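Okay, so here's the structure we're looking at.
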Amino acid sequence: MAKDTISKPASGRGSRGPMRSDAERIAALEAQLPAMRRRAEKQLLKAAWKAGLFDFAFTQPELRTLLEDALAQEPRALSRLHRRGKEIGRLRNRKRKRERADLARVKALLGGFMTAQFRHGPDLHAELAGDLRDHLAGHANPRMAASNIAFMAGILDDPRWEEGPADAIASGTGIAHEQQRRNRARRMILIGAWVLDRRGGAPDGVSGVIDRLIRDELANFLARERSAARNVALLEAALGPFRGRPARRDEDKHRCPDI
């Protein structure tokens with residue numbers, strides 16, 4: 001999936017060099033944990049020896065009660081080891097959220113790309129719409145599969161279908177234009193998930209058609225988008241490198257639906 005590396009030149013007072021990705025920071029912090037545990041264990045054993053704890057025999061329940069009573073006497077500051085573990089957990093959670101957001105963005109971009117191809121080429125839509133329907137029907141939850149097919153009925157039947165305000169209001173709650181925006185994003189993500197699922201398969205089937213479109217047309221499509229460099233980086237991380245931008249442009253073919 002998309003890389004979360006942030007690389008910026010060091011600048012300004014107190015700079016410590018290039019910023020590291022969450023994955024790099026997690027790895028660096030986890031590498032410190034064994035030494036921190038050893039120091040904490042050594043410190044605890046040293047204190048136990050000084051207190052004469054090893055001069056007496058304790059059962060496991062007695063020892064546990066002794067430690068619990070000591071810890072319950074007053075609020076205590078958390079150890080560095082504990083704080084480091086919490087920091088790693090926070091970074092992992094942030095990394096997961098970023099990866100989910102990046103994957104949704106990849107799907108939305110691929111969905112916008114394929115929708116633009118459908119609008120430009122009705123024959124392409126006629127060739128691929130059935131497979132898109134089959135993909136939607138293959139959802140593990142039959143109710144969700146039926147819901148997705150009903151939701152996508154307009155674009156499955158007509159490559160130039162556009163949702164009107166009345167359709168948007170009927171499909172959900174809230175203001176029409178906001179519901180339209182949410183519905184459009186959902187359609188793009190569903191189509192993009194299909195593209196990701198089908199790419200890289202047999203070259204003489206649906207997968208071959210999708211792979212050729214990605215190779216020949218995707219770079220040109222992305223060049224017309226806002227945040228083109230970021231989008232290219234996200235998609236190359238998900239798909240691998242694809243062909244550079246062609247010299248010619250076809251305005252209609254590379255017009256992206258708002259996503």
Would you please put 114-121, 79-86 in order of how densely packed they are, using the mean number of other Cβ atoms within 10 angstrom per residue and starting with the highest?
114-121, 79-86
Efficiency of FRET between residue 183 and residue 48 - r from beta-carbon atoms, R0 51 angstrom, step 0.05:
0.20
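Calculate, for residue 143 and residue 72, the FRET efficiency according to 1/(1 + (r/R0)^6) with r their C-beta to C-beta distance and R0 51 Å; round to the nearest 0.05. Could you put the intermediate results ahead of the total?
Details: r = 50 Å, r/R0 = 0.98.
That pair, residue 143 with residue 72, gives E of 0.55.
Quick check: convex hull over the Cα atoms of the range 6-163, volume per residue in Å³, rounded to an integer? Don't skip to the end; give the middle numbers.
Working: hull volume 44.0 nm³, N = 158.
Once divided by residue count, the hull of the range 6-163 is 278 Å³.
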What distance in nm separates the two pseudo spin-label positions at residue 60 and residue 225, each 7 Å out from Cα along the beta-carbon direction?
5.6 nm
So what is the relative contact order for the range 9-146, in percent, with contacts set as C-alpha pairs under 8 Å and at least six apart?
24 percent
So between residue 233 and residue 100, what do we pick up on full extension, going 0.36 nm a residue minus the alpha carbon distance?
46.3 nm
Potential lengthening between residue 92 and residue 21 on full extension [0.36 nm per residue; Cα-Cα distance subtracted]
24.4 nm
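Sorting check: for 215-222, 99-106, which peptide has the highest mean count of neighbouring beta carbons within 10 Å, and how do the rest follow? Mind showing how you got there, number by number?
Values: 215-222: 19.6, 99-106: 16.6.
Those peptides, ordered most packed to least, come out 215-222, 99-106.
FYI, it's all coordinate maths here, none of it is from the lab. All of these numbers come straight from a predicted model, not from anything done at the bench. Neighbour counts run over all protein chains shown; Cβ positions are idealised from the backbone, glycine included.
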